[in-house]
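Everything below concerns the one structure shown next.
Just so it is clear, none of the values below were taken in a lab; they were calculated from the coordinates. Small disclaimer: the values here were computed from a predicted structure and weren't measured. Neighbour counts are summed over all protein chains in view; Cβ atoms, including those assigned to glycine, are modelled from backbone coordinates with ideal geometry.
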Amino acid sequence: MRITNTGILLEEELKDLYDAEKRLLRAIPKMAKNASSEELRSALMEHLEVTRNQVDRMEQIFGLLDLPAKAKTCNGMKGIIAEGDEVMGEDMEDALMDAAIAGAAQRVEHYEMAAYAAAHAIAEHLGNRDVADLLQQTWDEEREADEKLSQVAAQVLEMAQNRDQKMEGARQTRGQSKTKTRASGR
């Protein structure tokens, strides 16, 4: 498609965002299912509800612009989700998997914040305050989700570090026991 003006550019950005949000409706439950941390699972499921509202908001935006609510493949989100799927396929301890899932979810949020900021700027440039306000509302929700995920990631990383330290302490204790046994001739 040839984009010849900012109105068409906004429409294309919105189609891309609409597809991204709809893809997340399928991806978030998979992430929550693979999370062992109740805090992470809760944060993801909470954001799933927010994402459903964001899809509805996107449809409202299309209506304000007298456009059909139509998605265009969002290759960026497709790739980020594929990376998340790849991470969830790895063999990891629970705390490490939770940290990896939180990181994958944060990449999603950062991508969305950038995309919503771009669409918001275009809507403002066009003087469409109603659309700009709705896009800003979604951007704010994405930022809040990112902050929540940062907090959860810090918690699960702390748990992973504590587990690592306990395992290292146990290895050192076993190593000292073997040294003592050899020294005593047993």
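Please build a GNM for the chain, connecting alpha carbons under 10 Å apart, and tell me which residue among Ala32, Ala121, Ala95 fluctuates the most. The residue that fluctuates most here is Ala121. Phi angles of region 114-129 translate, via the Karplus equation with coefficients 6.51, -1.76, 1.60 and θ = phi - 60°, into HN-Hα couplings of 5, 5, 5, 5, 5, 5, 4, 4, 5, 4, 5, 4, 7, x, 8, 5 Hz per residue; Gly and Pro are given as x. Residue by residue, region 67-79 carries 3J(HN,Hα) couplings of 10, x, 6, 10, 9, 10, 3, 9, 5, x, 5, 4, x Hz when phi is fed to the Karplus relation 6.51 cos²θ - 1.76 cosθ + 1.60 (θ = phi - 60°); x denotes Gly or Pro.
How high is the relative contact order of the chain, in percent, counting Cα pairs under 8 Å that sit 6 or more residues apart?
Result for the chain is 25 percent.
Springs join every pair of Cα atoms under 10 Å in this Gaussian network model of the chain, and among Gln165, Gln151, Gln136 the largest mean-square fluctuation is at Gln165.
Within the P(r) computed for the chain, what percentage of the Cα pairs occupies the region above 20 Å?
Details: 10203 of 17205 pairs.
Counting every Cα pair in the chain, those more than 20 Å apart make up 59 percent.
The stretch between Arg52 and Glu124, if pulled fully straight at 0.36 nm per residue, gains 23.5 nm over its current Cα-Cα span.
The 3J(HN,Hα) values that the Karplus relation (6.51, -1.76, 1.60; θ = phi - 60°) gives for region 86-102 are, in residue order, 4, 4, 5, x, 6, 8, 9, 5, 3, 5, 5, 4, 4, 5, 5, 5, 4 Hz. Gly and Pro appear as x. Whole Å is fine, so just give me how far the alpha carbon centre of region 9-50 lies from that of region 77-145. If we compute the Cα centre of each part, the gap is 8 Å. Computed about its Cα centre, the charge dipole of the chain is approximately 1380 debye, with only Lys, Arg, Asp and Glu carrying charge at their Cβ.
Which pairs break 21 Å Cα to Cα here: Lys22/Lys70; Lys30/Lys72; Lys33/Lys148; Lys33/Lys72; Lys33/Lys70; Lys78/Lys148?
Numbers: Lys22/Lys70 11 Å; Lys30/Lys72 23 Å; Lys33/Lys148 18 Å; Lys33/Lys72 28 Å; Lys33/Lys70 29 Å; Lys78/Lys148 23 Å.
In this structure, Lys30/Lys72; Lys33/Lys72; Lys33/Lys70; Lys78/Lys148 exceed 21 Å between Cα atoms.
Footprinting exposure proxy ranking of Glu93, Glu21, fewest other C-beta atoms within 10 angstrom first, gives Glu93, Glu21. Sorted ascending by nearby beta carbons within 10 Å, beginning with the fewest, Asp130, Asp66 become Asp66, Asp130.
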